[in-house]
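Working notes for the structure below.
The values are calculated or read from the model by the stated rules, or taken from the named source; none is laboratory data. Here the structure is a predicted model, which means the values were calculated and not measured. Every residue, glycine as well, gets a Cβ built from its backbone with ideal geometry; the counts of neighbours run over all protein chains shown. To get the accessible areas, we keep the full protein, side chains included, count just its heavy atoms, and leave off ligands, DNA and RNA. Shrake-Rupley method; radii C 1.70, N 1.55, O 1.52, S 1.80 Å.
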Amino acid sequence: MVNVALIGLGYWGPNLARNLTTLSGARLFGVCDTREDRLEHFARQYPNVKKLTNADDVFADPEIHAVVIATPVASHFELAKSALRAGKHVMVEKPLAKTSAQCEELISLAEGKALVLMAGHVFIYNAAVRKVKEYIDSGELGQIYYIYSQRLNLGVVRQDVNALWNFCPHDFSILRYWLEASPVRVQAHGYSYLQPGIEDVVFVNLDFPDGVGANVHISWLDPNKLRRMTVVGSEKMVIYDDVSADAKVLVYDKGVAKKPLADLSLGRFENFGEFQLLLRAGDVLIPKIDFVEPLKIECQHFVDCVATGKSPLTDGREGLEVVRMLEAAQASLSGKIKLNCVDL
């Protein structure tokens, strides 16, 4: 039985606690938050779970095997480092840390102590995201041309990070998962309206290997709640709509075919050019998806890795790559480089 402690009972912590109490081979042993009113509220729901106000007490407890960190981004690195030094396995909510250098230090520490270090990229455990990857990997979509993502909502407005660092870890991790690569160039532009120096809306362009383009539009200042990604291939196109209740994945048998004019019944004409571009529109497929809450799958994967010693799907190195993408986008956003483009 893996004893897990949760540090942080803010916005996301209660969702983690709910799932950590339902896992196979693990139990929620303790929770930690500096706010006693949050602990008192939590105690009414889970009276048998140990309550702590100091993270050092979590790290010093020999009965605790693993720690899940769901605190503000600025505290991720120090808490994760202390937990690893104390011999605890660690899962950190996105992003893994504020800098790639911090991520590399955590990875080195975890590897040196043979501990599990996992980044909380929850959408990688989403059945719909995995279904899209199946279509990409099978070749059914043909050559991937480009992907664009929209993650929009009205709120929650953060004061500690901008919309880029709050939302883009989701989209960046999904893009890496689908394409199995990091971008070679990143360009970002953003706007601050509510708080000086904290961007509310950001547009990010990413160039991936093999000519694959991607665009990510994120905002917490938008009238619509939208979490949608579109994959355009040479043979078919796919829309992943996380908000949809019954059509999270739509596969469109649409495309543009380049057909040599010699194959056309009308023959070749001098003013046509070498190829005729033919629009093709077929059926729309909504595949059946057995959907389980991604957060539960993610938490179960973490404790399974702790129990078996296997490396997580979203391990520390995956967390590092996403943070490197965030750093590049932030550098571009801040105008610290020429043409606001960052080569990775």
Probe 1.4 Å, all protein chains present, accessible-area order of THR53, THR308, THR34, largest first: THR34, THR308, THR53
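On a 27 Å Cα-Cα criterion, which of the cross-link pairs LYS88/LYS296; LYS98/LYS248; LYS98/LYS288; LYS88/LYS310; LYS131/LYS225 come out too long?
Values: LYS88/LYS296 21 Å; LYS98/LYS248 32 Å; LYS98/LYS288 38 Å; LYS88/LYS310 15 Å; LYS131/LYS225 22 Å.
Checking Cα-Cα distances, LYS98/LYS248; LYS98/LYS288 exceed 27 Å.
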Residue with peak Gaussian network fluctuation, the chain [Cα springs, cutoff 10 Å], from VAL323, VAL231, VAL292: VAL292
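Output the peptides 249-255, 64-70 sorted from most to least packed, where packing is the average of other Cβ atoms within 10 Å over each peptide's residues. Walk me through the intermediate numbers first.
Values: 249-255: 18.0, 64-70: 23.7.
Taking the mean over residues of other Cβ atoms within 10 Å, the ranking is 64-70, 249-255.
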MET1 - accessible surface, heavy atoms, 1.4 Å probe, Å² rounded to 10: 150
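Please give the length that would be gained between LYS288 and SER138 if that part of the chain were fully extended, namely 0.36 nm times their separation in residues minus their C-alpha to C-alpha distance (nm, one decimal). Write out the running numbers ahead of the final one.
Working: separation 150, 0.36 × 150 = 54.00 nm, distance 1.72 nm.
52.3 nm is the gain from fully extending LYS288 to SER138.
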Net length gained if the chain between TYR11 and ASN215 were fully extended (0.36 nm per residue, minus Cα distance): 70.7 nm
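Sorted by accessible area with a 1.4 angstrom probe, largest first, how do TYR125, TYR135, TYR146 fall? Numbers along the way, then the final one.
Details: TYR125 5, TYR135 25, TYR146 100 Å².
Per-residue accessible area, sorted high to low, gives TYR146, TYR135, TYR125.
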For the chain, share of DSSP beta bridges that run antiparallel, in % to the nearest 5: 60
Sites matching chymotrypsin sites (Phe, Trp or Tyr not before Pro) across the range 1-108 that sit in DSSP coil, with at most 15 neighbouring C-beta atoms within 10 Å: TYR11
Extension gain, GLN195 back to ARG27 (0.36 nm per residue minus Cα-Cα distance, nm): 56.4 nm
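Can you figure out the FRET efficiency of GLU40 with SER75, using R₀ = 30 Å and their beta-carbon distance, to the nearest 0.05? It would help to have the intermediate numbers written out before the result.
Values: r = 22 Å, r/R0 = 0.73.
The formula returns an efficiency of 0.85 here.
Please list 281-288, 172-179 highest first by mean number of surrounding beta-carbon atoms within 10 Å per residue. Each step should come with its number before you reach the end.
On the way: 281-288: 11.0, 172-179: 23.1.
Going by the mean number of other Cβ atoms within 10 Å, highest first, we get 172-179, 281-288.
To the nearest 0.05, what FRET efficiency results for GLN276 and PHE203 with a Förster distance of 22 Å applied to their C-beta separation?
Values: r = 35 Å, r/R0 = 1.59.
Efficiency, rounded to the nearest 0.05: 0.05.
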